[in-house]
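Worksheet: one structure, shown below.
Every read-out reported here was derived from the displayed coordinates using simple, explicitly stated rules and does not represent laboratory data. Model, not experiment: these values are computed from the prediction. Please note: Cβ atoms are built from the backbone with ideal geometry, for glycine as well, and neighbour counts cover all protein chains shown.
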Amino acid sequence: MTAELWDSRYSHPNYLFGYRPNDFLKAQARLLRPGSRVLCLGDGEGRNGVWLAERGHSVVSLDFSGVALAKAEALAAERGVSIETRQVDLAQWVDDPDPPRPWDAVVVIFVHLRPELRQRVAQAVTRQSAPGAALILENYTPAQLALGTGGPKQPELLTTREDVLADWQGWHLDVRLVERRIFEGMGHQGLSSVVQALGLRTGPEVDPVASTGHRVG
C-alpha cells in the first residue's frame with residue numbers, strides 16, 4: 001500500500017486502531033529499562049509510542065503516513081508528553097546512516113512487510129540496537145486470513161514463528177503463536193491469530209536475567 005492509501009485510511013476523525021496501547025506491549029513493557037530510548041516501527045497514530053512516553057521513555061515513532069503521525073503528535077500533546085515522529089519509507093530508511101545513539105528497545109506491533117524488506121528492517125534495527133536492548137513484537141500469522149478480524153489480506157505479508165526466528169538474528173528470543181481476542185479501534189476486532197516475540201539483543205557480557213531482571217526464553 002502507498003503512503004497516499006494509508007493517509008486515506010488514517011483520515012477518519014476517529015483513531016483507526018484506537019487510543020489505547022496494544023495489549024501485548026502493555027503486558028510486556030516491564031522489560032524496558034527506565035528512561036529507555038525506544039524505536040516504534042510503523043507506529044501509526046501513536047497509541048503505542050505515546051503510551052510509552054507517558055511512562056518516561058524517549059520515543060521515536062516511524063511511519064509511512066504523515067496523516068497518522070500528525071494524529072500521533074496531537075495525541076501526545078493531549079496527554080502532556082512528547083514523541084519524535086519521522087515520516088519514512090522503510091525501504092529507504094534501511095539504507096540511512098545509523099543514529100548516533102543506539103536503541104534501548106524496539107517495538108514492532110502489526111508491521112506487515114514483504115519478506116525481503118521485513119528481513120532488511122530487522123537487520124538494520126539489530127545493527128542499531130545496544131547490547132541488552134529489548135524487542136517486543138506482535139504480528140498476524142497466515143491463520144489470520146481465515147478469521148478475517150484485521151490485518152493484511154496478502155499471505156506474503158503475514159508472519160510465521162519461523163520468520164521471526166530467521167529475521168531477528170543476534171537476539172535471544174522467546175517466540176509464541178497465540179490465538180486471542182483483539183479489540184483495537186475499528187481496524188482490529190475479534191478472535192485473532194498472532195505471533196508474539198520478546199527479544200534481548202545479545203552482545204558482550206549480556207546476561208538475559210541480569211540485564212532486565214526477567215528471563216527471556
Taking square-rooted eigenvalues a ≥ b ≥ c of the alpha carbon gyration tensor, is segment 1-116 rounded, prolate or oblate, where a/c under 1.5 means rounded and, failing that, a/b exceeding b/c means prolate? oblate
Full-extension gain in nm, Leu117 to Phe183, via 0.36 nm per residue minus C-alpha separation: 21.0 nm
Given a Förster distance of 41 Å, the FRET efficiency implied by the Cβ-Cβ spacing of Gln169 and Glu78, rounded to the nearest 0.05, works out to 0.55
Which residue, Ala76, Ala29, Gly148, has the largest displacement toward the positive end of the dipole of the chain when charges sit on each Cβ (Lys, Arg +1; Asp, Glu -1)? Ala29
Quick one: compute the contact order of the chain, relative version, from alpha carbon pairs under 8 angstrom and 6+ residues apart, as a percent. 19 percent
Quick check on the chain: take the gyration tensor over C-alpha atoms, sort the square-rooted eigenvalues as a ≥ b ≥ c, and tell me if it's rounded (a/c under 1.5), prolate or oblate. rounded
Compute the length gained on full extension between Asn14 and Arg55: take 0.36 nm times their separation in residues and subtract their Cα-Cα distance, giving the result in nm to one decimal. 12.4 nm
Sequence-separation-based contact order of segment 24-93, relative, with Cα cut under 8 Å and 6+ spacing, percent: 30 percent
Give, as ranges by residue number, the residues of segment 100-129 whose backbone N falls under 17 Å from the point 7 Å along Cα→Cβ of Glu162. 115-116, 119
Given +1 on the Cβ of Lys and Arg, -1 on the Cβ of Asp and Glu, and no further charges, what dipole in debye does segment 3-201 carry about its Cα centre, rounded to the nearest 20? 580 debye
Phi to ³J(HN,Hα) by Karplus 6.51 cos²θ - 1.76 cosθ + 1.60 over segment 132-141, Hz, x for Gly, Pro: x, 5, 9, 10, 10, 9, 9, 9, 6, 9
Given backbone amide H placed at 1.01 Å from N, residues whose amide H is under 5 Å from that of Ala133, ignoring those fewer than 5 places away on the same chain, are Arg201
Most packed first (mean Cβ within 10 Å per residue), the peptides 21-30, 174-183 order as 21-30, 174-183
